[in-house]
1. Across bins of 5 angstrom width beginning at 0, how are the C-alpha pair distances of segment B:27-179 distributed, in whole percent?
2. Which net charge results when you count Lys and Arg as +1 and Asp and Glu as -1 among the other residues whose beta-carbon is under 12 Å from that of A:LYS207?
3. Distances longer than 16 Å among the Cα atoms of segment B:281-353: what percent of all pairs is that?
4. Can you pull the Kirkwood radius for segment B:7-271, inverse mean 1/r over Cα pairs, to one decimal in Å?
5. What aspartates and glutamates does B:LYS236 reach when the alpha-carbon gap must be under 19 Å and sequence neighbours fewer than 8 apart in one chain are set aside?
6. For A:ARG178 and A:ASP272, compute 0.36 nm times the residue count separating them, minus their Cα-Cα distance, and round to one decimal in nm.
7. So the label point goes 7 Å from the Cα of A:ASP341 along Cα→C-beta, right? Which residues of segment A:147-162 then have their backbone N under 18 Å from it?
8. Using the alpha-carbon centroid of each, what span in Å lies between segment B:233-303 and segment A:286-303?
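FYI, it's all coordinate maths here, none of it is from the lab. Model, not experiment: these values are computed from the prediction. For neighbour counting, all protein chains shown are included, and Cβ atoms are generated from backbone atoms with ideal geometry for every residue, glycine included.
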Protein chains: 2
Amino acid sequence: MTNAAQIIPVILSGGSGTRLWPLSTTQKPKQFHRLIDDNTMFQQTCLRVSPQVDGRFGSPVVICNARHEDYVIEQLEEASITTGTVITEPTGRNSAPAIAIASLHAQATDPEAILLILPSDHAIPDPQQFRDSIFHGIAAAQRDFIVTLGIRPTGPETGYGYINAGERLDAHAAKVKRFVEKPDRETAEGYLAAGDYLWNAGMFLFKASAMLAALKDHAPDLLAQAQVAYAAAKPKGRHVRLPLDQFSKCRSISIDYAVMEKAANVAVVPVDFAWSDLGSWGSIWEQSPRDGENNSLHGAAVASDSRNNLIFAEGIPVGVIGVEGLVVVATPNGVLVVPRDRTEEVRKIVDALLPNN
Amino acid sequence: MTNAAQIIPVILSGGSGTRLWPLSTTQKPKQFHRLIDDNTMFQQTCLRVSPQVDGRFGSPVVICNARHEDYVIEQLEEASITTGTVITEPTGRNSAPAIAIASLHAQATDPEAILLILPSDHAIPDPQQFRDSIFHGIAAAQRDFIVTLGIRPTGPETGYGYINAGERLDAHAAKVKRFVEKPDRETAEGYLAAGDYLWNAGMFLFKASAMLAALKDHAPDLLAQAQVAYAAAKPKGRHVRLPLDQFSKCRSISIDYAVMEKAANVAVVPVDFAWSDLGSWGSIWEQSPRDGENNSLHGAAVASDSRNNLIFAEGIPVGVIGVEGLVVVATPNGVLVVPRDRTEEVRKIVDALLPNN
């Protein structure tokens, strides 16, 4: 165990977040918007693990779609994060190719480097507790485990995958017995009662060498494709731009399917910090500050005789009268009106309104 | 009685319709929008009484705010109405100055001309029945009565003023006993039961000479001011542009207060045609075609699992899920969400969102 081992945050910023239409679009996905406070979700993710906050974190590696490179650069600068690497994908290929390439990139400088994979669109109100949890996983990662953070469930959520924890590895980590898909309500209640099921938040901690070995065992084709794509990229300053010809040949698959569900050396650190994936407007209302009428108002929004609403006005004024429990989102791209408890269904109308999205 | 007497439609187009925000604005009020069908309210008003439809109508006189002159010209041309006069007011002064000036303008060519005053923002689904009703008022107008059309009430409406009809003048017209302000519910029910109360729709028929005589009797200051303003206007082609210096001195007052409630020679023709003043989004929903779910959808609007809504999308797409009985209006100027039965309250939030409106 090297005390000097740095954690390299790898920020995955490839999602498109269509359930947050009309704010989130393929042109400017949700992670680049100010949803809750003055920083975007992407900036919050970077700042939570910045070297200025804790010297054990190295400069970040950001992986994003090429069309969002300008947002990434602009928002990193705005957050005073001036070091690190930006890897751009010419097209989306899910998480496994991105993680393979980040591992290859880290290995080039230090095969023992520990990578911390973070989605860029989560809300974590207590960043210190979050960081403490990460450090709880280091020991297992240094023993060549691929470590996931497992959020202790606060309810029988049906919107998340679950991790079934097995035998203890150390004071903080346990081996993973199995990963399970999003359950139905009854199954989720069973998981909650059992006590050894945790939410899969898509946050991982591992040595570059451990991930590359696991890829070699369980997805050798993918590893080979990623090696070709990474070798073909010509790094320029802080930029690594993956070329379309090679990268588009990578198999599109999530890291869960490609590696986590197959490898034996997978561990989980149960964590207790408050967390939301901000996957729907309903969850954004839950995470947002609210006024005396329990309304969360963003931008030029006026609510008269209205309660329990999220009114999100970006670039266009919104007025509501006499409504309750609604989400109203307006941007120059479009307008959404839906009850707060049905915001998971947004994709339906996005497909109808924007057939080519 | 001269058979050759023409009716000169005078289209009053000065309203601003803030209850129809965000579509209707002071820049482009409701009468210039396509609310129900392919013609704007202003075009429908002109076409209903065009000389092409019935030779007894002469070319129209349109009175509008100077800032809307371009809309008027453009929409008249679009409706193939190429003759007539456009009088522009440099500032709003309510209906009495406008009607005084229209009467002066008509008198200049023919003092016996019969003027038909029409607001430009009403929905009248059966134009032939409407025209028949107008002709029923001609005899009384030729006997120097100022004739109003009184809509037979279909319910105890509290949003309209009422006209109490008195003794019969001829087969169609009766003398007016009195005008009454918008009543409360109980009073309106009494009017409905009494049977001799009619809605005041702001539509009048009179000889120019009769109106000018009434103005001389009941509002001599106003008549004098209007004469000065009209004399100062320099007609140019079909345009009469009232100059600010003189017109702004006209007293701002409605024709009801200035003349109708005071003059003795006021008659009413009870009429039965379907009519709505389209004063609120609720009334627009009532007048609009609807789909199988009883939704009225305008523009790029998509409704999923939703019933009894008006979704009006102009220049921006709107998607709604799981809502009922709502009005959702979106334009690049703003977004409104309000239950259908509360659309009378829209002004509240317009004042809050646009304090300088």
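1. Spelled out per bin, shortest first, that is 2, 7, 15, 19, 21, 18, 11, 5, 1, 0.
2. Surrounding charge for A:LYS207 is -2.
3. Beyond 16 Å sits 44 percent of the P(r) for segment B:281-353.
4. About 18.7 Å, per the Kirkwood formula over Cα pairs.
5. Straight-distance partners of B:LYS236: B:GLU69, B:ASP70, B:GLU74, B:GLU77, B:GLU89, B:ASP245.
6. Length gained, A:ARG178 through A:ASP272: 31.8 nm.
7. Taking a point 7 Å out along Cα→Cβ of A:ASP341, the residues of segment A:147-162 whose backbone N falls under 18 Å are A:155-159.
8. 37
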